[in-house]
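The values are calculated or read from the model by the stated rules, or taken from the named source; none is laboratory data. All values derive from a computational prediction rather than experimental measurement. No Cβ is skipped: glycine too gets one built from the backbone with ideal geometry, and neighbour counts run over all protein chains shown.
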Amino acid sequence: PPSPRTTERLLADDAGIARAANLLRAGGLVAFGTETVYGLGADATNDTAVAGVFSAKGRPQFNPLISHFPDTDAAFAQVQATALARQLADAFWPGPLTLVLPRAPGSTVSDLAAAGLPTLAIRVPAGPVTRSLLARVGRPVAAPSANPSGKVSPSEADHVLAGLAGRIDAVLDSGPCAVGVESTVVDLSRDVPVLLRPGGVSLERLRAVCGPLAHPDDHVHKLPTAPGQLASHYAPDLPVRLDAHAVHPHEALLAFGDELSGAGLVWNLSPEGSLDEAAARLFAGLRFLDSEGRRRGLTAIAAQPIPRHGLGLAIRDRLRRAATPASTR
Ligand code: TXA
Ligand code: MG
C-alpha cells in the first residue's frame with residue numbers, strides 16, 4: 001500500500017488554487033472538480049507522480065490516462081491534430097469530450113501516463129476553477145476519476161475524501177460536478193472516428209459534427225486499444241438490477257421519472273424525466289442507495305429503465321458496469 005499522506009481540503013479561492021497548482025508542480029496528487037467528475041490529478045510529465053495515481057487508486061493495471069489542458073493550443077501541442085479534431089474542439093471544448101490522437105514527436109507526457117501507447121487522450125475541461133488550476137500548473141495534468149479502482153466515481157469533494165483521504169495530498173473543492181458522468185471518449189487515430197466511451201457529450205451532438213459513429217456497444221468491449229474499459233466498474237457493494245419494472249421488498253429503488261411503487265428507499269434521478277439532471281445525480285444516488293440500503297438490510301438496487309438517447313446512453317453504460325457481477329470484475 002502507498003505510504004500515508006495528510007490530505008488537505010482546499011477552498012476553490014485564489015489561495016486554494018495556487019496551493020493546488022504548487023502541489024501538482026511538486027509531484028503531488030491533487031483531486032479537483034471538473035464539469036464531469038472529480039479527477040485525481042498528477043503532473044503528466046512526471047513518471048513518479050503518475051505512478052502515485054495508480055497506487056493511490058489501487059488500479060489493477062496501468063491504464064492510459066487522459067491529459068487535461070487549460071486550452072486547445074496547449075492540448076494540441078501534445079498530439080498530431082487532424083481537421084476533424086479541430087472541428088470537434090471548436091464545437092465542444094471546453095467541455096466533456098476527450099479526443100484520442102497520435103502523439104506528437106515532442107510530446108512531454110510520460111510513457112506511464114500514456115501506458116506506452118503511440119496515441120494520447122486529451123481534454124480541455126470546462127469551469128473557471130479547473131481551467132485556472134490547469135493554467136497555473138502549466139503542464140499536462142493526468143487525471144482519472146478520483147475514486148479507488150472499481151468504485152463509484154466522485155461528483156463531490158466529500159466523495160473523494162471518503163475513498164482517498166490519507167492517500168492523496170489535497171482535494172480542491174469546487175462544489176458538485178455539473179455534468180456528473182465522465183467525458184465522451186472519441187478515437188480519431190483510426191480511419192473512422194470510433195466512440196470508445198459514451199459520456200457527457202451525447203452521441204446525437206457528436207454526430208452533428210463528425211457524421212456517423214458506430215454504436216458504443218459495438219466497440220466498447222472489443223477494442224484492444226481501449227484498456228481501462230473493464231466490464232465492471234463504478235461498482236457499489238449492493239448488486240444492481242437493470243431495467244426493473246417492479247421493485248422487490250428487499251430492494252432499494254433508483255428511479256427515473258414516475259417512481260415504481262413499493263420501495264421503502266428511493267433515489268429519483270429526475271422526477272421530471274430529464275436525462276441531464278439524471279446524469280448529474282447518478283453517482284451520488286448510487287452511493288446513497290448503497291450505504292443507506294446496506295444499513296437497512298436491503299440486498300439489491302433496482303434501477304428503472306433509462307431511455308437510450310442523449311445522456312441516457314452514458315447513464316446506461318455506467319449502470320451496466322455497476323451491474324456486472326463482482327466475479328467478473
Ligand atoms: O470525465 C473524465 O474523462 C474524467 C475527468 C476526471 O476528466 N476522467 C476519466 O479518466 O474518466 P479515466 O482514466 O477514468 O478514463 C480514461 C479513459 C479510459 O476509458 C481509457 O481507456 C481511455 O480514456 N483512454 C485514455 N487514453 C487512451 C488511449 N491512448 N487510447 C484509447 N483510450 C484511451
Ligand atoms: Mg473512472
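Restricting to the range 286-312, what's the tally of residues that are over 19 Å from PRO148 (Cβ atoms) and touching a strand residue (DSSP E or B) at 6+ places or on another chain (Cβ under 9 Å)?
10
Determine, yes or no, whether ALA121 is assigned to a strand (DSSP E or B) and either surrounded by fewer than 17 Cβ atoms within 10 Å (Cβ to Cβ) or touching a residue at least 40 places away in the same chain (Cβ under 8 Å) (or both).
On the way: assigned to a strand (DSSP E or B): yes; either surrounded by fewer than 17 Cβ atoms within 10 Å (Cβ to Cβ) or touching a residue at least 40 places away in the same chain (Cβ under 8 Å) (or both): yes.
Yes.
Restricting the range 279-329 to residues that are of a type in the set (Ser, Thr, Tyr) and assigned to a helix (DSSP H, G or I), which is modelled with the highest pLDDT? Spell out the reasoning first.
Residues of the range 279-329 of a type in the set (Ser, Thr, Tyr): 291, 299, 324, 327-328.
Checking the rest, the ones that are also assigned to a helix (DSSP H, G or I) come to 291, 327-328.
Numbers: SER291: 94, SER327: 48, THR328: 46.
Step by step, filter the range 279-329, then rank; the result is SER291.
Somewhere in the range 254-263, is a residue at pLDDT below 95 and under 19 Å from ALA162 (Cβ atoms)?
No, there is no match, as no residue in the range 254-263 is at pLDDT below 95 and under 19 Å from ALA162 (Cβ atoms).
Yes/no per residue for (1) over 24 Å from SER202 (Cβ atoms); (2) near ligand 1 (Cβ under 10 Å from one of its atoms):
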{"position": "ALA81", "(1), (2)": "no, no"}
{"position": "GLY106", "(1), (2)": "yes, no"}
{"position": "PRO118", "(1), (2)": "yes, yes"}
{"position": "SER132", "(1), (2)": "yes, no"}
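Under 9 Å between Cβ atoms, which residue pairs at least 6 apart in sequence (or on different chains) link something in the range 34-61 that is under 17 Å from ALA12 (Cβ atoms) with a partner that is aromatic (Phe, Trp, Tyr)?
Taking only residues 6 or more apart or on different chains, the pairs are VAL37/PHE283; TYR38/PHE32; GLY39/PHE32; LEU40/PHE32; GLY41/PHE32.
Name the residue that is nearest to ligand 2 (Cβ to nearest atom), counting only residues in the range 165-190 that are of a type in the set (D, E, K, R) and in a strand (DSSP E or B).
By that ranking, first place goes to ASP187.
Looking at (1) over 16 Å from PHE32 (Cα atoms); (2) at pLDDT below 95; (3) not charged (D, E, K, R), which is the only condition ILE122 fails?
Here ILE122 clears every test but (2).
Which residues, taken from the range 276-304, are closer than 18 Å to LEU203 by Cβ and surrounded by fewer than 21 Cβ atoms within 10 Å (Cβ to Cβ)?
Matches in the range 276-304: ASP276 only.
Could you grab me the full set of residues in the range 191-211 that are within 16 Å of ligand 2 (Cβ to nearest atom) and either part of a loop (DSSP other than H, G, I, E, B) or farther than 23 Å from GLY310 by Cβ (or both)?
The answer is PRO198, GLY199, GLY200.
Which is in the same structural domain as LEU40 (by TED's automatic domain parsing), farther than 26 Å from THR82 by Cβ and among the small types (Gly, Ala, Ser), of GLY116, GLY106, GLY166, GLY199?
GLY166
Quick one: would you say ASN22 is surrounded by fewer than 24 Cβ atoms within 10 Å (Cβ to Cβ) and closer than 12 Å to ALA142 by Cα?
no
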